[in-house]
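Structure, as structure tokens:
The values are calculated or read from the model by the stated rules, or taken from the named source; none is laboratory data. Note that the coordinates shown come from a computational prediction; the quantities given were computed from them, not determined experimentally. As a convention, Cβ positions derive from the backbone with ideal geometry for all residues, glycine included, and neighbour counts pool all protein chains shown.
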Amino acid sequence: MNISFISVVVLLAIAPPSAKPQTTKSASTSNVVVDNVPTVSAPAVVPTDTVRFDGDVVVRVSIRSAQDLMLVNQLSDDMWSHHVGVGGDADFRMSQADLGTLDRAGIPYRVTIADLQNRIDAEQTRLAQPMESLSWFSDFKNLTAVNARLDEMVAAYPNLVSIVNAGTSIQGRVIRGIRISRYPAGTVLPAFIFTGTMHAREWASTMTTMWIADQFVENNTSDARIAAVLNSAEVYIFPVQNPDGYEYTWATGGNRLWRKNRRLISGTTYGVDLNRNWSVGWGGSGSSGTTSSDTYRGTAAFSEPESVGMRDFIAAHTNLVGHIDFHSYSQLWLWPWSYTTTLSPDQTALAAVGYPMQTAIASINGKNYTAGPSGSTYGLTGGCIDDWTYGTQGMMAGTIEVRDTGTYGFVMPTSEIVPNAKENHAAAMAMMEKLLASSPITITLAPGSLVADNTASTVEVQTIPVVSTLITNGVRLKWKLDGGTIQSAVMTSIGSNKYRASLPAIPCGSQLSWFVEAETKFIITHAPLNKPTSFNITATNPCGNPADLDGSGIIDSADLSLMLLEFGRCDVASNCPADLDHSGEVDSGDVSLMLLEI
């Protein structure tokens, strides 16, 4: 039933909001569940002053009205869902004691995690065990281990992997990532970027991005699909965008469920939600101006060094064409817009990439991820990174909320790490392959490798965009003569998705290196391959020796005789070949030049 505002106040008086997480200096012994296997734990080592959640549960609440939402927000300061709004369900952490308030208000709910602290204690007990003999993805890894793994990749594959950074955090930690590419930095290639852990407690996103990095590095030649992408593009991966917050979720004296960065606001209030701090839609629905809120957006867009650093890195890499920001949890694949329910002008193109990604995820383990435009599919969130990378940088972009749908929430068991990572790697592959093939170019008419000198050559191509339409003058023929600067000509449409242009006439002994490019909203594709560092080659025959007047291949007395016949003033109109020094007459100077060649 609906309840009035007065009823809400009365209920709150009966059952006050849940207390903040308490600190403790004691240890506890409990029955725990590790990867769904009940065990009896050893006494859990609880770090001094670590934030604890004893007596807390996670509930999925059905929000029927604004009054319901107001009451739930009074009971809980920790929403676990991607979004909450009237007419939908959302997950909240609250005290077990507050469930009675929900009952009295008649708000439908179900408990998804009955003993949250027990889950965290089990995780901490497990993480305290030696892991040296286990595979890297057998358990979650802290910031030190993540950075060490990135360094190991560089050491093992120095010609493929290099460290990049996106500035520093508010506490001075470097936001580290890797570039994976077969080509030197600065090579003109399409590029993709995968980012994770903007919200500190979302450890599953860390492991997902690290899995993608691991697959691209370790299988860069053995996996044909990965090899094909790396032949045509480069990949950037930033596993932890919020290093201070992530470190705090692991630290003694920390908070496993911390979400924001670690800016000191005032007193004991910390943190800005980095995924509400971007300029597109900043200050809108789904963010908060209250400093204690988990969705506190900051004082202005880009008020935080973490978002500034990532912004500047992305803006400096104008070849970036695709971006996925990984979060947990809810099994969602959402693309712009997030700040409005209005569909983006590129909805058709975004969907042409997005729905195949949803299919790719399901093909691995059968998991269904809800897919669609974020604002109209799931609810409004203003100031998100993917709205910015799409809206200002023109990238195909979106957010994936990885497993699960609430059974585990942020405290994922280890058995889920690899299956989750595999299905989201499949999504990343689908995005890259779809974009790289978004406007395939077929050359239907072209000059051969050897052409006549001083004669123009015609090039015709066909390109049928499969993701988004070509921009105006988007099909171009480009070339360089004898290694010079690249020249360009717009190819003219001749119907049926076919285009035509001409390569210039070139003199004997010259070489043209040329390619065709087609530009859509998101990406420029090329033929040959998908990069302008590979060219078609068209050349002319070597120039003959001008002193070989009779064309015999030998300069001899016969050529000298022909020269003497032309001795005297040279009629330019007749283009006399015996004028070797181009003086305007055949004279002793030309004879001398010929004698040098005999």
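Listed values, structure above:
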quantity: Residue match in the range 234-256 (condition: among the aliphatic types (A, V, I, L, M), under 30 Å from Ala430 (Cα atoms) and touching a strand residue (DSSP E or B) at 6+ places or on another chain (Cβ under 6 Å)); calculated: yes
quantity: Any hit, the range 524-534, residues being farther than 15 Å from Ile443 by Cα and not in a loop (DSSP other than H, G, I, E, B); calculated: yes
quantity: Helices (runs of 4 or more DSSP H) wholly inside the range 97-212 that include at least 2 residues being out of contact with any Pro (no Cβ under 7 Å at 6 or more places or on another chain) and over 24 Å from Ala421 (Cα atoms); calculated: 99-105, 116-127
quantity: Count - residues of the range 250-281 that are surrounded by fewer than 24 Cβ atoms within 10 Å (Cβ to Cβ), of a type outside the set (Gly, Ala, Ser) and outside any loop (DSSP other than H, G, I, E, B); calculated: 5
quantity: Pair list, Cβ under 7 Å, 6 or more apart: the range 231-252 residue within 30 Å of Thr318 (Cα to Cα) and in contact (Cβ under 8 Å) with a residue 12 or more places away in the chain, other residue part of a helix (DSSP H, G or I) and of a type outside the set (A, V, I, L, M); calculated: Val235/Phe216; Ile237/Thr209; Pro239/Thr206; Pro239/Thr209; Val240/Thr206; Val240/Tyr246; Gln241/Glu306; Asn242/Glu306
quantity: Qualifying position, being in the same structural domain as Leu512 (by TED's automatic domain parsing) and within 20 Å of Phe522 (Cβ to Cβ), among Thr472, Thr485; calculated: Thr472
quantity: The range 214-225 - residue that is without any contact (Cβ under 8 Å) to a residue 12 or more places away in the chain and in a helix (DSSP H, G or I) and, of those, farthest from Lys422 (Cα to Cα); calculated: Ala224
quantity: Top-ranked residue of the range 391-412 - restricted to ones that are over 14 Å from the mean Cα position of the chain (by Cα) and in a strand (DSSP E or B), ranked as nearest to Thr469 (Cα to Cα); calculated: Glu401
quantity: Residues located in the range 525-563, provided they are farther than 30 Å from Phe515 by Cα and touching a helix residue (DSSP H, G or I) at 6+ places or on another chain (Cβ under 8 Å); calculated: Asn545, Ala547, Asp548, Leu549, Asp550, Ser552, Ile555, Asp559, Leu560, Met563
quantity: Residue match in the range 339-346 (condition: outside any strand (DSSP E or B), out of contact with any Asp or Glu (no Cβ under 8 Å at 6 or more places or on another chain), free of Cβ contacts under 8 Å to residues at least 60 places away in the same chain and crowded, with 20+ Cβ neighbours inside 10 Å); calculated: no
quantity: Selection status of Tyr355, among the aromatic types (Phe, Trp, Tyr) and within 20 Å of His199 (Cα to Cα); calculated: no
quantity: Any pair with Cβ under 8 angstrom, 6 or more apart, that starts in the range 165-192 at a residue that is under 30 Å from Gly245 (Cα atoms) and among the aliphatic types (A, V, I, L, M) and ends at one that is surrounded by fewer than 16 Cβ atoms within 10 Å (Cβ to Cβ) and modelled with pLDDT under 95; calculated: Ala191/Asn319
quantity: Pairs with Cβ under 9 Å, 6+ apart, first in the range 72-86 and under 15 Å from Pro108 (Cα atoms), second assigned to a loop (DSSP other than H, G, I, E, B) and among the hydroxyl-bearing types (Ser, Thr, Tyr); calculated: Leu75/Ser18; Gly85/Ser285; Gly85/Tyr378; Val86/Ser65
quantity: Residue check, Gly286 at positive phi, modelled with pLDDT of 95 or more and surrounded by 21 or more Cβ atoms within 10 Å (Cβ to Cβ); calculated: no
quantity: Checklist (1) over 25 Å from Leu230 (Cβ atoms); (2) assigned to a loop (DSSP other than H, G, I, E, B); (3) without any contact (Cβ under 8 Å) to a residue 40 or more places away in the chain applied to Leu560, failing item; calculated: (2)
quantity: The range 183-201, subset on the phi < 0 side of the Ramachandran plot, modelled with pLDDT under 95 and not β-branched (Val, Ile, Thr), residue surrounded by the most Cβ atoms within 10 Å (Cβ to Cβ); calculated: Pro190
quantity: The range 66-82, subset surrounded by fewer than 21 Cβ atoms within 10 Å (Cβ to Cβ) and either assigned by TED's automatic domain parsing to the domain that holds Thr407 or in contact with a Leu (Cβ under 8 Å, 6 or more places away or on another chain) (or both), residue farthest from Gly286 (Cα to Cα); calculated: Gln74
quantity: Identity of the residue in the range 570-588, of a type outside the set (A, V, I, L, M, F, W, C) and at pLDDT below 80, that ends up farthest from Cys508 (Cα to Cα); calculated: Asp571
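Residues are listed down the side, and each one gets a yes or a no for (1) over 35 Å from the mean Cα position of the chain (by Cα); (2) modelled with pLDDT of 85 or more; (3) not assigned by TED's automatic domain parsing to the domain that holds Asn473:
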{"position": "Ala489", "(1), (2), (3)": "no, yes, no"}
{"position": "Ile494", "(1), (2), (3)": "yes, yes, no"}
{"position": "Pro504", "(1), (2), (3)": "yes, yes, no"}
{"position": "Cys508", "(1), (2), (3)": "yes, yes, no"}
{"position": "Leu512", "(1), (2), (3)": "yes, yes, no"}
{"position": "Glu517", "(1), (2), (3)": "no, yes, no"}
{"position": "Thr525", "(1), (2), (3)": "no, yes, no"}
{"position": "Ala547", "(1), (2), (3)": "yes, no, yes"}
{"position": "Ser561", "(1), (2), (3)": "yes, yes, yes"}
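The rows are residues; the columns are (1) under 30 Å from Ala437 (Cβ atoms); (2) of a type in the set (Ser, Thr, Tyr); (3) in the same structural domain as Tyr246 (by TED's automatic domain parsing).
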position: Asn147; (1), (2), (3): no, no, yes
position: Asp151; (1), (2), (3): no, no, yes
position: Thr168; (1), (2), (3): no, yes, yes
position: Ala185; (1), (2), (3): yes, no, yes
position: Met207; (1), (2), (3): yes, no, yes
position: Asn220; (1), (2), (3): yes, no, yes
position: Ile226; (1), (2), (3): yes, no, yes
position: Val229; (1), (2), (3): yes, no, yes
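A quick yes/no check of all residues on (1) in contact (Cβ under 8 Å) with a residue 12 or more places away in the chain; (2) crowded, with 16+ Cβ neighbours inside 10 Å; (3) more than 13 Å from Thr538 (Cβ to Cβ); (4) not aliphatic (A, V, I, L, M):
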position: Met432; (1), (2), (3), (4): yes, yes, yes, no
position: Leu435; (1), (2), (3), (4): yes, yes, yes, no
position: Pro447; (1), (2), (3), (4): yes, yes, no, yes
position: Asp453; (1), (2), (3), (4): yes, no, no, yes
position: Ala456; (1), (2), (3), (4): yes, no, no, no
position: Glu460; (1), (2), (3), (4): yes, yes, yes, yes
position: Gly474; (1), (2), (3), (4): yes, yes, yes, yes
position: Thr485; (1), (2), (3), (4): no, no, yes, yes
position: Ala501; (1), (2), (3), (4): yes, yes, yes, no
